[in-house]
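No value in this document is a laboratory result; all are computed from the given coordinates. If you're wondering where the values come from, they're calculated on a predicted model, not measured in any experiment. No Cβ is skipped: glycine too gets one built from the backbone with ideal geometry, and neighbour counts run over all protein chains shown.
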Amino acid sequence: MSLSEASSDVVVVGGGIVGTAVAWRAVEAGLSVTLLDPSPGDGATHAAAGMLAPVSESWFGESALARLGIAGLAAWPRFAADLARATGIDVGLRETGTLVAAYDADDVAHLRRWLALHAELGLEPTELTGTQARRREPLLGHHVAGAAWVPGDHVADPRTTRAALSAALHAHPGAAVVRSAAVRLERDAGAVVGVHDDAGTLHRAGAVVLAAGWRSGELAAAPVRPVRGQTLRLDAPPGTAPEHVVRGRVQGRPVYVVPRPPGTGSGPGTTAEHREVVVGATSEEGPADRRPSAGGVFALLRDARALVPALDEAAFVEATLRARPATPDNLPLVGPSATPGLHLATGHHRGGVLLAPLTAEAVVAGLTGAALPPALSVADPDRFTPLLEGAS
């Protein structure tokens, strides 16, 4: 039995970028919201590089995911502007495009298969020679054999965005952030009516939103699993960081290099010209162990400097490993579930940052009885209804 009770219109379980975006948009819509998380922002959001890259990320068999990502990207400018107005915080949205690099001949062949796929989908990459790519990005390595330019794939700063969302919630009278872990859903006649936390409090609500990443499956029978990914953060002195996001393949291995603007460096001796650079990311099935592996760190550094050799001069600041939430079909679970009172905002895998604004819009629509954005039809939790009906 709970030691105490609290109530609100909505309880959001999970304080990453998706959960906090949902909570913020919900209080803006006039709902009272409790956000429940023992360590907000310390999950997959903490490791994410922030690429808003529906074109660069797509591959064969993922046309539905690509279309969803394009809709997610379209929601970002208004989201960033609204958040900046609410908090005065610039979330680092940079519309600079992405350079997709191919290191050797086999990587170029892979790149051309990718370009052919995108031509079928009506998307926008343009093939470049290695020389043309280096004109666009002078720090690109001289051994890079080919590339493609994707002008519409952009980037934001997930940590700054989540911090801004947190500031907006703390300033809003309709929001409460509780640093406790959800342990069990409260049910009444088959409907979800609240959440019990590990401090003994029952948080009653008209609706519960599960946005706890892969841990959402611990509270309901949502088919999400952890997929580990590690990223690195470097402090790059002037002249050593690329101006654009550079991603690609090095002898078949995927890697990306994401520069932040000048002034984002950290550590002793940094100046206003230093930049944070995020390098990533590994992808490993298995338990959510947060310890970065020596082999993963080595491989990321090796392949990043193959694409951008000047990174040899950067200082190594941080290695971070977190688990992303993945579903059987790699599409997220967003909206009302088959269980009354239970809404989902999870399973975003590589697209949590990209899809956070659109997910928040869709979840709030479901909470208020409005129509969900058409793009989210592919993320309908009802496609896994037999599993979700078993929510505990």
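Helices assigned as whole DSSP H runs in the chain whose Cα atoms extend at least 15 Å along their own long axis and whose mean Kyte-Doolittle hydropathy is 0.5 or higher are found at 17-28, 63-74, 294-307, 352-368. Scanning the chain for GluC sites (Glu not before Pro) lying in DSSP loops with no more than 16 further Cβ atoms inside 10 Å, the longest uninterrupted stretch between such sites is 96-242. Under Stokes-Einstein, with the Kirkwood radius over Cα pairs as Rh, the value for the range 88-217 at 10 °C and 1.306 mPa s is 82 µm²/s. Computed from point charges on the beta carbon alone (+1 for Lys and Arg, -1 for Asp and Glu), the dipole magnitude for the chain about its Cα centre is near 360 Debye. In percent, rounded to a whole number, the relative contact order of the range 114-244 is 15, using alpha-carbon pairs under 8 Å and six or more apart. The Rg/Rh ratio of the range 40-158, with both radii computed over alpha carbons and Rh defined as the Kirkwood radius, is 1.02. With the highest mean first, a sort of the peptides 376-382, 292-298 on other beta-carbon atoms found within 10 angstrom per residue produces 376-382, 292-298. Between residue 95 and residue 39, residue separation times 0.36 nm minus the direct Cα-Cα distance comes to 17.1 nm. Taking label points 7 Å from Cα along the Cα-to-Cβ direction, residue 63 and residue 179 give a separation of 4.9 nm.
Can you figure out the FRET efficiency of residue 132 with residue 84, using R₀ = 56 Å and their beta-carbon distance, to the nearest 0.05? With a Förster radius of 56 Å, E is 0.95. For the range 239-301, the convex hull spanned by the alpha carbon atoms encloses 121 Å³ per residue.
Dipole of the range 152-292 computed with +1 at Lys/Arg Cβ and -1 at Asp/Glu Cβ about the Cα centre; of 227, 256, 200, farthest Cα towards the positive end is 227.
Between 335, 271, 308, the Cα set farthest toward the positive side of the dipole of the range 267-339 (charges on each charged residue's Cβ, about the Cα centre) is that of 335. Convex hull volume of the C-alpha atoms in the chain, normalised per residue: 133 Å³.
Sorting the segments 362-372, 98-108 by their residues' average number of neighbouring beta-carbon atoms within 10 angstrom, most packed first, yields 98-108, 362-372. Using only Cα coordinates, the Kirkwood hydrodynamic radius of the range 273-349 works out to 15.5 Å. Based on C-alpha pairs under 8 angstrom that are at least 6 apart in sequence, the chain has a relative contact order of 23 percent.
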